[in-house]
Amino acid sequence: MAQTLIHAAPAEVHSAHAHHPELSFFRKYIWSEDHKTIGLQYLFTSLFFLLVGGLLAMGVRYQLAFPNVPVPIIGGLLPRWLVQESGAIAPAGYNALFTMHATVMVFLVIMPLLIGVFGNFLIPLQIGAPDMAFPFFNALSYWLFLLSGLVILSSFFTGSSPAASGWTSYAPLSSHGAYSGAQLGQSLWCVGLFVNGLASIAGAMNYITTIINMRAPGMRMFRLPLPIWALFVTAFLLLLAVPVLSAAAAMLFFDLNFGTSFFSASSYGQPLLWQHLFWFFGHPEVYIMILPAMGLASEILAVFSRKPIFGYKAMVFALIAIGVLGFIVWGHHMFVSGMNLLLSATFSFSTMIIAVPSAIKTFNWMGTIWGGSIRFTTPMCFALAFVSMFVIGGLSGIYMASTPVDLFIHHTYFIVAHIHYVLFGGSLFAVFGAIYFWYPKMFGRMMNETWGKIHFGLSFLFFNLTFFPMHNLGLNGMMRRIADPTQYDHLRSQQPINVFITLSAFGLGLSTIPFLINFFYSMFKGQKAGMNPWESTTLEWTVPSPPGHGNFDVTPTVYNGPYEYSVPGMEQDYLPQNQPAPETARIAAH
Amino acid sequence: MPYRTFAKNGAEVKGEFLGGCQAPVLARFVGKFRAVESRCRGDRYVLPYWRLEPIYDSVPGLRLRQLPRFSALFAAAYGLFSSPLMAQTEEVRSVQNIFNPTSTPAQLINDAGLLTMLICLGIFIIVTFLLFFGVWRYRRRGSEDDTLEPPQVYGSTAIELAWTVPPIMIVIVLVLVTARTVGEIQNHQPTGNPIRVRVVGHRFWWEYQYTDDKVTTANELNVPVSYLSAPRPVELTLESADVVHGFWVPELSGKLQAVPNHSNSLWLQPSVQGTYVGNCTVLCGEQHANMLLRVIVRSPDDFQRWLDNEKKPAQTPSEVDAGRHQFLLSSCGSCHAIKGTEASGTFGPDLTHFGNRETLGSGVVKNDESNLRAWLRNPQAVKPGCLMPNMQLNETQLNNLLAYLKALK
């Protein structure tokens with residue numbers, strides 16, 4: 001199929017890299033244009049933001065369990081926008097906490113972890129390319145992302161409140177500083193998201209070009225590993241959805257600072273316009289945050305079941321279908337805004353249709369492990385957890401798709417439970433699995449299995465203890481975004497559940513510690529990893545760990561599909577993609 | 001399982017049990033419960049399955065054995081998803097969940113919700129069972145396993161079709177139920193004499209304008225109970241004065257946003273008397289959590305008495321005149337209106353019959369003397385971030401004002 005431009009003369013490319021001069025420290029670690037270094041920069045940065053977002057979540061949970069109780073020990077040190085004089089969290093401070101928790105987690109943790117880290121690290125390695133198509137843009141993308149993170153982080157230190165109108169920032173609450181009490185914070189939020197959008201667009205453009213143009217000879221589209229397919233579809237979603245958010249953020253910034261009235265209640269502004277723009281971005285965004293996770297999990301499931309992925313093409317078409325459908329479902333976030341019947345029925349239908357490709361994926365994952373020889377390594381445990389948590393999160397999504405049911409559960413804790421099952425139980429578990437899986441390739445050493453299992457066990461347990469009861473709270477009528485549930489007659493009786501959830505959430509927060517210790521300890525003291533510790537077939541495992549600059553000494557030629565495990569008639573139970581199948585092997589035509 | 005109180009104030013009620021209410025949804029598919037469906041609408045309230053009293057016999061023609069056998073399942077689903085920690089408070093309906101509907105739209109939503117839940121629960125059980133079974137059955141059992149070769153299955157058109165078609169069919173069923181339920185709620189033609197109320201969300205309180213009767217009140221929505229024999233639907237038009245708010249009374253209806261420069265409509269048809277609590281559901285700023293609302297469902301006569309009283313201007317005895325002067329003197333009237341005085345502000349709640357309200361500050365505290373005193377002394381202490389400033393009243397001014405406000409009946 002597509003023979004590529006770059007590989008028209010692979011030998012020259014290779015020799016160019018072989019005689020690369022030694023890079024200065026600055027070019028090697030700071031302004032590096034090597035996709036692997038950029039991937040690691042993303043990794044460290046977004047893990048840092050994971051801790052920031054996690055701490056904010058702890059604040060949110062503290063307030064919900066112990067409203068008006070001064071924060072112990074550090075209460076007096078907290079800034080004025082956050083706490084009352086007593087040291088207890090103020091209602092406005094609480095609004096800022098959950099707003100920033102969601103903003104940080106979505107834009108600075110999940111997106112960069114999935115797309116920034118694994119997109120950068122895996123795409124060239126798995127398609128057999130020496131680097132990205134546009135290394136300069138790649139580096140630019142990371143530094144813009146870091147800048148956006150710093151802008152958002154800086155809003156904590158302005159002396160006034162950071163953005164406090166929810167991560168959805170519904171106008172006009174967000175478009176008038178006086179309404180939310182966070183003129184500066186909200187402005188910084190807009191700038192941060194705008195810059196973040198630029199980073200995403202630069203990255204997405206790069207991924208698409210690289211995957212289309214720089215595949216190694218023989219790497220046909222239907223021989224691409226599933227993470228690459230997932231990132232490919234995701235990159236299109238980013239390219240089409242993120243500019244809408246950037247535009248909306250710019251308009252909101254003008255409303256806030258220059259007196260325009262795109263969204264404000266006065267002068268014929270249209271508050272509903274914000275909701276449309278935000279969710280036109282917001283729903284594809286949901287798939288931006290789950291599709292790469294699906295790809296990573298597919299890879300891990302196949303490797304540790306020692307079986308070819310079940311229904312490879314069906315998986316690819318399901319990814320594409322979810323991506324396309326993702327653009328016509330945003331209205332289900334707005335059933336409660338007074339949408340007319342025809343429109344809401346249409347959005348309801350298109351939303352439910354997404355259940356079909358999602359079901360296909362789930363069944364194919366089960367088909368993959370069915371009959372396999374499952375090895376319960378830490379990455380596999382996380383991948384299996386991803387599948388089961390995704391089932392719960394996906395099924396609770398059907399409730400939202402059904403307009404009349406949504407009218408009840410919208411804006412309740414049911415939604416909070418749903419989104420965390422998809423984003424934490426789904427995306428983040430897949431990310432953890434992927435970190436344990438590709439760590440040897442990134443750092444040349446294995447992460448400790450025992451500590452990995454401890455991390456998995458604790459986070460899986462506490463995750464479910466934290467988020468499952470939230471379904472219950474939601475059905476019993478507890479709204480989202482209320483600073484103090486105990487002031488409601490009908491919620492006072494639910495307070496024990498809130499306390500339970502908070503204690504579990506603290507447990508969940510602490511369960512990150514074994515991971516962090518393992519992560520940093522293994523970097524220096526971990527067992528040395530060989531080239532291919534997991535006996536995997538894809539191209540990144542055919543080069544040293546970590547791969548050198550330029551990745552491949554000789555441009556690989558690809559002969560097989562990505563998941564040839566337990567090939568009958570072969571000594572070895574796996575067939576790397578760059579190895580022609582021996583005469584004796586009986587593999588399906590691919 | 002604790003459960004909410006029955007209708008009070010001598011309400012005339014006929015009941016049926018929870019299981020029975022599911023009949024309409026299933027009826028659409030099996031077709032044979034149509035008779036039950038038509039009888040399920042209207043005057044009733046909901047009892048938990050296990051508290052079923054012979055009262056269901058009072059609905060003519062409705063017999064237990066006519067109802068689907070799924071009742072037990074519904075009850076189990078209810079038990080699973082309602083909290084064992086729920087407790088009862090006496091005055092207000094304390095447990096709010098969608099399985100406890102007392103108004104026609106809420107009932108329709110409940111039916112669709114339970115069907116969705118059952119389907120999802122079924123899928124969940126099957127998929128999770130298969131997943132656990134697969135993981136357990138096909139685990140690696142030592143190194144001899146490596147010499148055996150797992151089957152080389154790349155896929156199977158038959159199997160893949162088998163798990164693609166059922167989800168499509170389930171989706172179609174759910175879509176049809178959804179469309180039908182939404183249609184019934186939105187395309188509803190009110191029968192009987194509807195009460196029209198314009199609801200305006202403000203930061204952080206609710207304004208209610210009974211447009212046909214020129215009555216304006218705040219925070220507590222009074223409506224009549226609606227009987228099958230004499231339906232009185234309540235038609236609400238939702239608007240907002242500043243930011244987006246959300247109107248929600250879980251037991252009476254789904255939620256709907258109140259958006260500036262835009263009007264939405266919602267209808268209620270409550271079939272049981274009592275006080276229902278609700279709240280703003282869209283984050284609207286610092287005191288969003290304290291933007292509560294109450295719906296007081298009265299008997300038709302009681303409601304008429306209330307409405308007639310509301311139409312009158314404020315009449316206060318002369319001993320509280322000092323308070324009235326104080327009210328006008330302290331410029332309270334630039335934000336609040338009191339019919340029959342010069343006070344005609346619209347920025348804050350209308351106070352014409354303030355003395356009759358149950359709560360203060362949009363439901364934040366009970367409307368009694370000590371709370372009102374605290375509120376007048378410094379509203380910011382009771383509801384920090386609310387738009388009423390501290391009026392810096394001295395003790396005498398405060399006492400006069402208190403007496404006047406209490407007398408506004």
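Brief remarks follow.
- For segment B:250-265, a residue qualifies if it is modelled with pLDDT of 85 or more, more than 7 Å from every other protein chain (Cβ to nearest Cβ) and surrounded by 21 or more Cβ atoms within 10 Å (Cβ to Cβ), and exactly one does: B:Ala258.
- Within segment B:368-388, considering residues that are buried (at least 19 other Cβ atoms within 10 Å of the Cβ) and under 28 Å from the mean Cα position of the chain (by Cα), the one nearest to B:Cys332 (Cα to Cα): B:Met388
- Among residues that are free of Cβ contacts under 8 Å to residues at least 60 places away in the same chain and more than 18 Å from the chain's Cα centre (by Cα), A:Phe25 is included.
- The listed residue being among the polar types (S, T, N, Q) and either within 14 Å of another protein chain (Cβ to nearest Cβ) or surrounded by fewer than 21 Cβ atoms within 10 Å (Cβ to Cβ) (or both), out of A:Ser200, A:Ser154: A:Ser154
- Test set (1) small (Gly, Ala, Ser); (2) facing chain B (nearest Cβ under 9 Å); (3) surrounded by fewer than 23 Cβ atoms within 10 Å (Cβ to Cβ) - A:Ser337 fails condition number: (3)
- Scan of segment A:69-114 for residues that are open to solvent by 10 Å² or more (accessible area, probe 1.4 Å), of a type in the set (Gly, Ala, Ser) and outside any helix (DSSP H, G or I), ordered by number: A:Ser86, A:Ala90
- Checking each residue in segment B:337-367 for being open to solvent by 30 Å² or more (accessible area, probe 1.4 Å) and closer than 18 Å to B:Leu398 by Cα picks out only B:Asn367.
- Any chance A:Gly326 is within 27 Å of A:Pro112 (Cα to Cα) and touching a residue at least 24 places away in the same chain (Cβ under 8 Å): yes
- Taking the listed residues A:Gly76, A:Gly87, the one that is at positive phi and of a type outside the set (A, V, I, L, M) is A:Gly87, with no other qualifying.
- Residue within segment A:183-200 that is of a type in the set (A, V, I, L, M, F, W, C), part of a helix (DSSP H, G or I) and in contact with a His (Cβ under 8 Å, 6 or more places away or on another chain) present: no
- Pairs where the first residue, in segment A:483-496, is within 7 Å of chain B (Cβ to nearest Cβ) and the second is open to solvent by less than 40 Å² (accessible area, probe 1.4 Å) and of a type in the set (Val, Ile, Thr), C-beta under 6 Å, 6+ apart: A:Asp489/B:Val92; A:Asp489/B:Val277; A:His490/B:Val277
- The single condition from (1) touching a Phe, Trp or Tyr at 6+ places or on another chain (Cβ under 6 Å); (2) under 19 Å from A:Thr45 (Cβ atoms) that A:Ala163 fails is (2).
- Every residue from segment B:107-163 that is modelled with pLDDT of 85 or more, facing chain A (nearest Cβ under 7 Å) and over 30 Å from A:Pro404 (Cβ atoms): B:Leu130, B:Leu131, B:Gly134, B:Val135
- Screening B:Gly183 with (1) under 18 Å from A:Val336 (Cα atoms); (2) away from chain A (no Cβ under 14 Å) gives one miss only, at (2).
- For A:Tyr563, the conditions (1) under 25 Å from A:Trp229 (Cβ atoms); (2) away from chain B (no Cβ under 13 Å); (3) part of a loop (DSSP other than H, G, I, E, B) all hold with the exception of (2).
- Residue count for segment A:263-274 under the criterion of being buried (at least 24 other Cβ atoms within 10 Å of the Cβ) and out of contact with any Pro (no Cβ under 7 Å at 6 or more places or on another chain): the result is 1.
- Candidates are the residues of segment A:391-408 that are at the interface with chain B (Cβ under 7 Å from one of its Cβ atoms) and out of contact with any Phe, Trp or Tyr (no Cβ under 8 Å at 6 or more places or on another chain); the one that is most open to solvent (accessible area, probe 1.4 Å) is A:Ile398.
- Residue in segment A:303-320 that is more than 13 Å from chain B (Cβ to nearest Cβ) and at pLDDT 90 or above present: yes
- Checked against (1) buried (at least 24 other Cβ atoms within 10 Å of the Cβ); (2) more than 25 Å from A:Phe253 (Cα to Cα); (3) aliphatic (A, V, I, L, M), A:Ala139 meets all criteria but (1).
- Note on segment B:176-204: residues that are open to solvent by 20 Å² or more (accessible area, probe 1.4 Å) and hydrophobic (A, V, I, L, M, F, W, C) amount to 3.
- Per-region count, segment A:340-381, residues open to solvent by 20 Å² or more (accessible area, probe 1.4 Å) and basic (Lys, Arg): 1
The values are calculated or read from the model by the stated rules, or taken from the named source; none is laboratory data. Being a predicted model, the structure only gives us computed values, none of them experimental. Backbone-built Cβ (ideal geometry, glycine too); neighbour counts: all protein chains shown. Surface accessibility is based on the protein's heavy atoms, side chains included, excluding ligands, DNA and RNA. Shrake-Rupley method; radii C 1.70, N 1.55, O 1.52, S 1.80 Å.
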